[in-house]
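Visitor: Right, I'll just put the structure down here and ask away after.
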Amino acid sequence: MFISVNRLPHPIPPADSPNPKAAQALQEGLGGQFGEMRTLMQYFFQNMNFRGEAKPYQDLLRSMATEEMGHVEQITNTINMLLEGASEPSDEPDGLPLSVALDSPNIHHFLVAGQSARPVDAAGNPWSASYVYDSGNLVLNMIYNLMLESTGRLQKCRLYQMSNDKAFRSTVSYLIVRDLVHEKVFAKALEALGVNWGKALPIPRFDTSKMPEVRDLERKNLHNQMWTFANRGETSLLDTIFRGDSPFDDGGTLEVIEGFPEGHDIPILPDAPQEFSSGLDSDLMRLTRELQNSSTQKRI
């Protein structure tokens, strides 16, 4: 079972301006071959299909999969923030409030999804379960996961160079740092299995020293921290693997934190009548407000 915390892993500031092109690029980080939906499903299935008595590694996979759920929500909300305001309602009889869709790099953002994110890559290809790798062999899975995180971080670094929008940069920078942590998790897992990965798999190091948002997060040691995402009272053996010095040459001490991060508010998207979304007329809106008020009064 999973416990849902209605918070985002990292804050998303308002976008500088509507930016469907940046939203389209960010779709690769969501539904692409090396995106957040891929890492979520890959670690989730490796965890569920786990065989043998090696609980520290299963705990590791469970923690990783749970964090990746939050990353899917983080990047989806960022795409939505970048699309917000791209179209506006029009009171003109001949107005075309959705004409922007014809110039958008992904018309489906407007035509199919009501001006919001979709489970696709930057080219509009649907996310595919065929991306998921789970050999059933622990060492092979750890090697493949290390490669996956390294490639994901490479793509996030490329995304960083595509837009300086505040909303875009905030999320991409956070994911660059967290992908680095995840590389370290699988590097330490391989070390604990006796694999000299440093010689067998020289993982490329991407220079992020000129990315101020990334440096700010690293100063908080976010590039060396992992949460267990375990419920209170449960025992996680993640710290038997993720401990000691960083396995890379970036310095710092690895740290396991019980539970989950504090989180940040999820943006509330306003109605978009030009998209017929949420589609609530005055009567339906009255009913939803009565429902919310009733729920609030019961809590009091």
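Visitor: When L217 is evaluated against the numbered criteria (1) under 19 Å from the mean Cα position of the chain (by Cα); (2) assigned to a loop (DSSP other than H, G, I, E, B); (3) surrounded by 12 or more Cβ atoms within 10 Å (Cβ to Cβ); (4) not small (G, A, S), which criterion, by number, is the only one it fails?
Guide: (2)
Visitor: Separate question: Can you tell me which of (1) outside any loop (DSSP other than H, G, I, E, B); (2) free of Cβ contacts under 8 Å to residues at least 12 places away in the same chain; (3) not β-branched (V, I, T) is the one E191 doesn't meet?
Guide: Failed condition: (2).
Visitor: Related question: Out of all the residues in region 125-136, is one or more loosely packed, with under 13 Cβ neighbours inside 10 Å, modelled with pLDDT of 95 or more and within 20 Å of L190 (Cα to Cα)?
Guide: Yes.
Visitor: Exactly one of (1) of a type outside the set (D, E); (2) surrounded by 15 or more Cβ atoms within 10 Å (Cβ to Cβ); (3) within 24 Å of F186 (Cα to Cα); (4) in contact with an Asp or Glu (Cβ under 8 Å, 6 or more places away or on another chain) is unmet by G252. Its number?
Guide: (2)
Yes/no matrix, rows are residues, columns are (1) at positive phi; (2) surrounded by 16 or more Cβ atoms within 10 Å (Cβ to Cβ); (3) at pLDDT 95 or above; (4) within 21 Å of the chain's Cα centre (by Cα):
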site	(1), (2), (3), (4)
A200	no, no, no, no
A230	no, yes, no, yes
E234	no, no, no, no
D239	no, yes, yes, no
F248	no, yes, no, no
F260	no, yes, no, yes
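Visitor: Starting from residues that are in contact with a His (Cβ under 7 Å, 6 or more places away or on another chain) and among the polar types (S, T, N, Q), keep the ones in region 160-216 and report whichever is farthest from T240 (Cα to Cα).
Guide: Ranking the candidates gives S170 first.
Visitor: Follow-up. Could you name every one of the helices (runs of 4 or more DSSP H) located completely within region 26-142 that has at least 3 residues being within 12 Å of the chain's Cα centre (by Cα) and under 23 Å from Y160 (Cβ atoms)?
Guide: Values: elements: 36-48, 55-83, 108-111.
So the answer is 36-48, 55-83.
The values are calculated or read from the model by the stated rules, or taken from the named source; none is laboratory data. This one's a predicted model, so the numbers in the text were calculated from it and none came from an experiment. Note: ideal-geometry Cβ built from the backbone for every residue, glycine included; neighbour counts use all protein chains shown.
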